[in-house]
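Q: Before I ask anything, let me first share the structure, which is written out below as structure tokens.
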Amino acid sequence: MMATTHALAGLLLGALTVLVAPELAPAAMLAGFAGGLFPDLDLYGNHRKTLHFPVYYSVAAVPALAVALLVPTAASVGLAVFLLAAALHSVTDMFGGGLELRPWEGTSERAVYSHYHGRWLRPRRWVDYDGSPTDLALASAFALPVFFIEWSAVDPLVTLAVAVSGVYTVVRKRLPDVAENLSLFVPARIRPYVPERYL
């Protein structure tokens, strides 16, 4: 799934605090957005392995959530939602396509790495691939409820995330060709630092 889909899912997760502690919703929503986005900061490294922890984020979220329930502050709730959103991102990457340049071809059996299990978890392909129309629909579905929350300072962020998702969806299938063409110009001394799937 797209980074924006994960970020919007995290933001929506944070928005649930409106039901119990509306004053903490702004911090929770921003933390959820950041937590949903965070694992994909490894995109140009060892993607879906370096910052993706489907088990460990979930385990870390339990005590953080307990602290947030006992001492509900912007910081404690923000940390709990950040970890929950990062866990959600890492787990739901299993439901998308594989880790390959053209995931719609279905040639990779690597979805996300589980450090706990010491192996790659296979893709389920419920969401065809990142940037697919299904993925865009999911991102839009996560975004829509946020517009009905009274605290609307995140509306521009949500609108931007959906717009970026739409543009990415339009160009997604052209990007592998662009990456392959650009890889021809990568100097030899830099090639070891470029992820193999781009070469």
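Only the coordinates and a few stated rules stand behind these numbers; no lab work does. Not measured: the values here are computed from a predicted model. Cβ sites come from the backbone with ideal geometry, for glycine too, and all protein chains shown count toward neighbours.
Q: Expressed in nm to one decimal, what extension gain is obtained for the pair Glu180 and His115 from 0.36 nm per residue of sequence separation less their Cα-Cα distance?
A: Working it through step by step, the gained length comes to 20.4 nm.
Q: Something else: Rounded to the nearest 500, what is the chain's calculated 222 nm mean residue ellipticity when only DSSP H runs of at least 4 contribute -39500 (n - 2.57) each, over all residues?
A: -15500 deg cm²/dmol
Q: Now, a different point. Which of the chymotrypsin sites (Phe, Trp or Tyr not before Pro) across the stretch 168-199 are loop residues per DSSP, with 14 or fewer other Cβ within 10 Å?
A: When the chymotrypsin sites (Phe, Trp or Tyr not before Pro) of the stretch 168-199 are filtered for loop state and at most 14 Cβ neighbours within 10 Å, Phe185 remain.
Q: For the stretch 27-78, count all C-alpha to C-alpha pairs, find those more than 15 Å apart, and express that count as a whole percent of the total.
A: Summing the P(r) of the stretch 27-78 above 15 Å gives 55 percent of all pairs.
Q: How far is helix 155-171 tilted off the main Cα axis of the chain, in degrees rounded to 10, range 0 to 90?
A: 20
Q: Here is a further query. Within the stretch 124-199, which GluC sites (Glu not before Pro) sit in a loop by DSSP and count at most 13 neighbouring Cβ atoms inside 10 Å?
A: Glu150
Q: Right, something else. Once the Cα gyration tensor of the stretch 114-199 is diagonalised, what are the square roots of 5 times its eigenvalues, in whole Å and ordered largest first, as equivalent ellipsoid semi-axes?
A: 32, 19, 14
Q: Let me ask another. Over the chain, calculate the relative contact order: mean separation of alpha carbon pairs under 8 Å at least 6 apart, over the residue count, as a percent.
A: The value is 22 percent.
Q: Estimate the FRET efficiency between Glu196 and Ala163 by the formula 1/(1 + (r/R0)^6), using the beta-carbon distance for r and 30 Å for R0, to the nearest 0.05.
A: 0.45
Q: Computed on alpha carbon atoms, what radius of gyration and Dmax characterise the chain, expressed in Å?
A: According to the Cα coordinates of the chain, Rg and Dmax are 17.6, 56 Å.
Q: Hey, rough spin-label estimate for Ala141 and Arg124, points 7 angstrom out along Cα→Cβ, what's it come to in nanometres?
A: Using points 7 Å along Cα→Cβ, the separation is 1.3 nm.
Q: Still on this structure, please answer the following. Loop-only check: which chymotrypsin sites (Phe, Trp or Tyr not before Pro) in the stretch 1-85 are DSSP coil with at most 13 other Cβ within 10 angstrom?
A: Sparse-neighbourhood loop chymotrypsin sites (Phe, Trp or Tyr not before Pro): Tyr44.
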